[in-house]
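A quick write-up on the structure given underneath.
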Amino acid sequence: MTTVLVTGATGFIGRRLVPALLDAGHDVRAMTRRPESYDGPGDPVGADVMDPDTLGPALRGVDVAIYLVHSLDDPDFERKDAEAARNFSAAAAAAGLRQIIYMGGLGDEDKELSAHLRSRREVEGLLGSDGVPVTVLRAAIVVGHGGISWELTRQLVKNLPGMVVPKWVGTRTQPIAIDDVVRYLAGVVDHPDALGRVFEIGGLEQLTYREMLQGAAQEMNGRKVPIVVVPLLTPGLSSRWLALVTDVDVVTGRNLIDSMSNEVIVRDDSIREVVPGTPLSYRESVRRALAERAAG
């Protein structure tokens, strides 16, 4: 039996991943800063990636750690995420872990990456800086109830009869269902062919953000929504616009919007050799997200 620690166990991905790992027969520790209030499956363990002294006890006896930490809602997220990754790398090496698994972001390294994507790449390297093999899964937008990028899409379609949008709506992306993200994360745990490798994960289709919005509109309302592109709408104005029409805060919105100028598509599907299976389509992932929301 493999002992797996999941950081961010109460988050969008973590709360779905922990039960999937238990179903796969692993012993799971759910890491949270407030273990006394954790009511999910697995064994709660208290630790904070910004406090190195708490990580040693949490990682003692662990074989594999899944690292789902980021600070996108913080203006100083690049520094904080780098510091957290250094702390975790050192603690994981000291505890003798066999593998760290990290959710990174898609994007071509030969292009100028946004601060968000640049930070994700930095964290990839820092997590392995003390010698523990790292498996990276790079994804674009994850579609699922409660996911921040999906919530932006859903709320824009729900709240606006028509949209005036920046030119980034023409950027290609490859959204992936949360069910497939969980399947891939669970599938690479302690897998010998996954150690020290970077995988790109995505759904079936490469879509522009405009096509994503229209696909969501058709599933939600049965029709497309009028969209007008305004090339001069700046990232700063865009993030304020998002804060007005959705419940996403300005800082998070700005960090996400900055990334939307980067094309984020899968160019290497070797993950399917390690974790076989066909990913869900975008429209199916939208239907599942909407059904989960409706179920409460």
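FYI, it's all coordinate maths here, none of it is from the lab. Note that the coordinates shown come from a computational prediction; the quantities given were computed from them, not determined experimentally. When we count neighbours, we look across all protein chains shown, and the Cβ atoms used for this are built from the backbone with ideal geometry, even at glycine.
Summary of computed values
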quantity	calculated
PHE199 long-range amide H proximity, modeled H, under 5 Å	VAL136, LEU137, ARG138
Kirkwood Rh (inverse of mean 1/r, distinct Cα pairs), segment 15-133, angstrom	15.1 Å
Packing rank of 80-87, 143-150, 45-52, where each peptide gets the mean count of other beta carbons within 10 Å, highest leading	143-150, 80-87, 45-52
Lysine pair number, Cα distance threshold 25 Å (strictly under), the chain, separation 8 or more or different chains	5
Label-point gap, in nm, between ALA82 and ARG197 - each point 7 angstrom along Cα→Cβ	3.0 nm
³J(HN,Hα), Karplus 6.51/-1.76/1.60, whole Hz, each residue of segment 76-88, x for Gly, Pro	9, 5, 5, 5, 5, 5, 5, 4, 4, 5, 4, 4, 5
Ordering of 225-231, 18-24 by packing [mean C-beta count within 10 Å, highest first]	18-24, 225-231
Rounded to whole Hz, the Karplus (6.51, -1.76, 1.60) HN-Hα couplings of segment 208-219, x for glycine and proline	7, 4, 4, 5, 5, 4, 5, x, 5, 4, 5, 6
MRE, 222 nm, helices only [DSSP H, n ≥ 4, -39500 (n - 2.57), over the chain, to nearest 500]	-13000 deg cm²/dmol
Förster-model FRET efficiency, 22 Å R0, ARG272 and ARG172, C-beta, rounded to 0.05	0.60
